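This is the structure I have questions about; it appears just below.
The values are calculated or read from the model by the stated rules, or taken from the named source; none is laboratory data. All values reported here derive from a predicted model rather than from experimental measurement. For neighbour counting, all protein chains shown are included, and Cβ atoms are generated from backbone atoms with ideal geometry for every residue, glycine included.
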Amino acid sequence: MNKYLKKFPDPVSLLFFLTISLFVMSYFLSDIHFAQEALRVKNLFEMNFLKQYLVNFPQHFLNYRPLGIVVAIMVGMGVLEKSGFIEAILKYFLTFLPSKAIVPTILFVAIMSSLAADVGHVIIPPIAARIFLKKYNAPLLGLCLGFAGVSGGLSANLLITGLDPILAEIATQAMENIGISYVVKSTGNWYFLCASVFLVMMALMIAHHFFVKKIYLRSFQQEENSCAVKKEKALLPLEKRALKETFFLFILLFGLNAYLIWGPLHFFQRGENVFQGLEESLTGLLFIYSFSLGTYFSFRSKKVSSFGEIVGMVYQSLRNLGPYFALIFFLTQFLYLFKESNLILVGNVFLLKTFTLLGVYWPSFLLLTIITSSLFNIFIGSAITKWALLAPFFIPLGLEMNLTPEVVMLAYRIGDSASNNISPMMPYFLLILGFAQEYRPSLKTGDFLKLLFPYSIILLLSWIIFLFTWIYLDFPLGPQAGVFYK
């Protein structure tokens with residue numbers, strides 16, 4: 001496998017050739033009708049389509065939501081990091097945290113970060129890398145652990161996240177499409193996903209200790225030793241004072257934030273989903289927090305003497321985003337063309353017919369749903385986009401086997417989450433690769449995937465076993481949400 005991973009192309013090259021392949025496939029398949037006359041592959045070379053595509057060409061890139069999230073968070077977190085605030089916090093944090101608690105603590109925080117939507121991908125892995133750099137002089141190992149926790153644990157959480165109501169609404173719509181009035185609630189997978197927090201932690205810890213560390217020690221440690229850091233010095237009195245004052249500033253900002261949320265901004269008067277307004281503003285709030293705290297700490301600890309130096313920190317934090325912008329540019333074009341070509345719908349109809357012809361029973365169907373979700377993750381990184389495309393086909397097929405939409409949705413989420421960190425099409429993959437290359441500039445995509453594969457494989461196998469054990473024990477998936485349709 002190592003030989004093939006080393007030859008794995010970088011994500012931008014892969015997207016470029018996949019986009020060219022879409023045009024070629026659409027041309028040759030456009031005259032073939034599938035399932036019914038209305039379903040056919042659209043020829044992407046049609047003049048009317050090409051005209052529309054070229055007119056809207058920039059918008060596919062500019063309207064991509066994760067792009068704004070990354071830039072806003074990178075500006076704020078860049079100032080927070082360059083100011084020395086994060087380093088000071090880590091020094092204080094590592095003084096009290098036992099070595100054995102570092103890995104589970106990082107994983108728990110990473111998994112729970114899905115409460116903040118995509119923000120965890122930008123914050124947790126770099127901080128985990130800094131912790132491992134200071135504690136073990138192994139930043140790449142910490143980065144991979146943090147990334148595996150955030151991306152692999154995307155669906156697991158002790159609370160309802162912003163993703164839950166969106167996926168539930170898509171499942172409800174899929175039921176309506178076949179004439180069945182059935183509401184899939186946001187809590188439809190909640191019990192299972194709460195328990196999954198601890199399963200994901202255990203699975204990733206096993207992968208980390210028994211597989212990833214061995215690969216790292218064999219292939220990466222020698223070169224990474226060149227980035228060894230000097231012996232850590234204790235916090236200076238000036239830094240301690242600045243840290244205490246910054247903490248009080250955080251309390252002040254938090255109090256002001258709470259007043260605005262419950263008061264003038266009226267975030268809790270938006271209907272059924274009372275946290276919707278807060279979720280929508282989370283990126284802006286995190287920017288304000290990180291930029292304000294970083295700026296204050298910089299001045300109080302005498303790291304800077306003018307605001308121009310703060311601006312310099314912003315420039316430095318954005319300097320390494322070029323590869324990420326390139327990935328998002330090609331990714332957005334590919335996703336738009338893939339959707340417009342109807343190839344995904346044709347593929348879904350083919351899967352539906354194949355499952356029916358093979359006479360697949362419900363355990364095999366759930367397993368195939370998990371595997372299909374994982375495979376589709378290679379081409380489409382967005383969990384919402386994939387589910388919107390797959391749900392109209394998988395949910396009706398699940399009903400044929402007496403399975404509820406909730407368990408079909410759960411099988412999809414398992415496959416999606418477990419394969420997130422090895423999907424080059426994931427919007428944050430290249431960003432994390434860029435973080436890794438700060439510590440090991442010669443790191444290639446294939447080398448990086450070699451470290452991440454064990455996390456995905458162990459997590460996927462563990463989650464599948466856990467799912468079937470849960471079903472065998474006849475536990476509910478969530479409040480009033482079972483496995484079999486009645």
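Got at least one residue in region 135-146 being crowded, with 23+ Cβ neighbours inside 10 Å and among the aromatic types (Phe, Trp, Tyr)?
no
Kindly indicate whether any position in region 318-328 is under 21 Å from the mean Cα position of the chain (by Cα), part of a helix (DSSP H, G or I) and among the β-branched types (Val, Ile, Thr).
yes
Only one residue in PHE334, PHE338, PHE291 is in a helix (DSSP H, G or I) and modelled with pLDDT of 85 or more. Which one?
PHE291
Then there is this: Can you give me the number of residues within region 451-471 that are in contact with a Leu (Cβ under 9 Å, 6 or more places away or on another chain), surrounded by 22 or more Cβ atoms within 10 Å (Cβ to Cβ) and not β-branched (Val, Ile, Thr)?
Adding up the residues that qualify gives 5.
For every residue, the table says whether it meets (1) of a type in the set (A, V, I, L, M); (2) touching a Pro at 6+ places or on another chain (Cβ under 6 Å); (3) at pLDDT below 95.
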site: TRP190; (1), (2), (3): no, no, yes
site: LEU199; (1), (2), (3): yes, no, no
site: MET202; (1), (2), (3): yes, no, no
site: LYS214; (1), (2), (3): no, no, yes
site: GLU223; (1), (2), (3): no, no, yes
site: ALA234; (1), (2), (3): yes, no, yes
site: ARG241; (1), (2), (3): no, no, yes
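In region 64-118, which residue that is outside any helix (DSSP H, G or I) and closer than 30 Å to THR332 by Cβ is modelled with the highest pLDDT?
Among those residues, the one meeting the criterion is TYR64.
Quick one: what pairs do we get from region 409-437, first residue within 28 Å of SER186 (Cα to Cα), second in a loop (DSSP other than H, G, I, E, B) and of a type in the set (Asp, Glu), C-beta under 9 Å, 6+ apart or different chains?
Once the first residue is within 28 Å of SER186 (Cα to Cα) and sits in region 409-437, its partners that are in a loop (DSSP other than H, G, I, E, B) and of a type in the set (Asp, Glu) give PRO427/ASP118; TYR428/ASP118.
Additional query: Out of ASP447, ASP474, report the one residue that is surrounded by fewer than 23 Cβ atoms within 10 Å (Cβ to Cβ), at positive phi and of a type in the set (Asp, Glu).
ASP474 is the lone residue from the list that is surrounded by fewer than 23 Cβ atoms within 10 Å (Cβ to Cβ), at positive phi and of a type in the set (Asp, Glu).
ILE160 versus (1) out of contact with any helix residue (DSSP H, G or I) (no Cβ under 6 Å at 6 or more places or on another chain); (2) crowded, with 16+ Cβ neighbours inside 10 Å; (3) at pLDDT 90 or above: which is the lone unmet condition?
(3)
Just a yes or no: is a residue in region 389-407 over 20 Å from GLY153 (Cα atoms), part of a helix (DSSP H, G or I) and within 17 Å of the chain's Cα centre (by Cα)?
Within region 389-407, not a single residue is over 20 Å from GLY153 (Cα atoms), part of a helix (DSSP H, G or I) and within 17 Å of the chain's Cα centre (by Cα).
Scan region 369-383 and tell me whether some residue there is under 30 Å from GLU406 (Cβ atoms) and more than 19 Å from the chain's Cα centre (by Cα).
There is at least one residue in region 369-383 that is under 30 Å from GLU406 (Cβ atoms) and more than 19 Å from the chain's Cα centre (by Cα).
Further question on the same structure: Restricting attention to region 434-486, report how many residues are in a helix (DSSP H, G or I), modelled with pLDDT of 90 or more and not charged (D, E, K, R).
Of the residues in region 434-486, 25 are in a helix (DSSP H, G or I), modelled with pLDDT of 90 or more and not charged (D, E, K, R).
Right, something else. Could you go through region 117-128 and let me know if any residue there is without any contact (Cβ under 8 Å) to a residue 60 or more places away in the chain, surrounded by 15 or more Cβ atoms within 10 Å (Cβ to Cβ) and touching a Leu at 6+ places or on another chain (Cβ under 6 Å).
yes
Moving on. Among the numbered criteria (1) in a loop (DSSP other than H, G, I, E, B); (2) within 14 Å of the chain's Cα centre (by Cα); (3) at pLDDT 85 or above, which one does TYR182 miss?
(2)
For region 141-160, enumerate the residues that are in contact (Cβ under 8 Å) with a residue 40 or more places away in the chain, outside any helix (DSSP H, G or I) and among the aliphatic types (A, V, I, L, M).
Within region 141-160, LEU154, ALA156, LEU158, LEU159 meet the criteria.
Scanning region 1-41 for residues that are more than 25 Å from PRO424 (Cβ to Cβ) and touching a Leu at 6+ places or on another chain (Cβ under 9 Å), which turns out modelled with the lowest pLDDT?
The residue in question is ALA35.
Within region 94-116, track down each residue that is without any contact (Cβ under 8 Å) to a residue 12 or more places away in the chain and among the hydrophobic types (A, V, I, L, M, F, W, C).
Listed by number, the residues that qualify are PHE96, LEU97, ALA101.
Residue-by-condition table, conditions (1) touching a Leu at 6+ places or on another chain (Cβ under 8 Å); (2) charged (D, E, K, R); (3) modelled with pLDDT under 60:
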site: SER226; (1), (2), (3): no, no, yes
site: PRO237; (1), (2), (3): no, no, no
site: ASN257; (1), (2), (3): yes, no, no
site: LEU260; (1), (2), (3): no, no, no
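In addition: For region 359-370, which positions are surrounded by 11 or more Cβ atoms within 10 Å (Cβ to Cβ) and at pLDDT 75 or above?
Residues satisfying the conditions are TRP362, PRO363, SER364, PHE365, LEU366, LEU367, LEU368, THR369, ILE370.
Hey, another quick one. I need a count of the residues in region 193-221 that are of a type in the set (D, E, K, R) and farther than 26 Å from SER114 by Cβ.
Selection size over region 193-221: 2.
Please pick out the residue among GLY415, GLY482, GLY446, GLY478 that is out of contact with any helix residue (DSSP H, G or I) (no Cβ under 7 Å at 6 or more places or on another chain) and within 25 Å of THR372 (Cβ to Cβ).
GLY482
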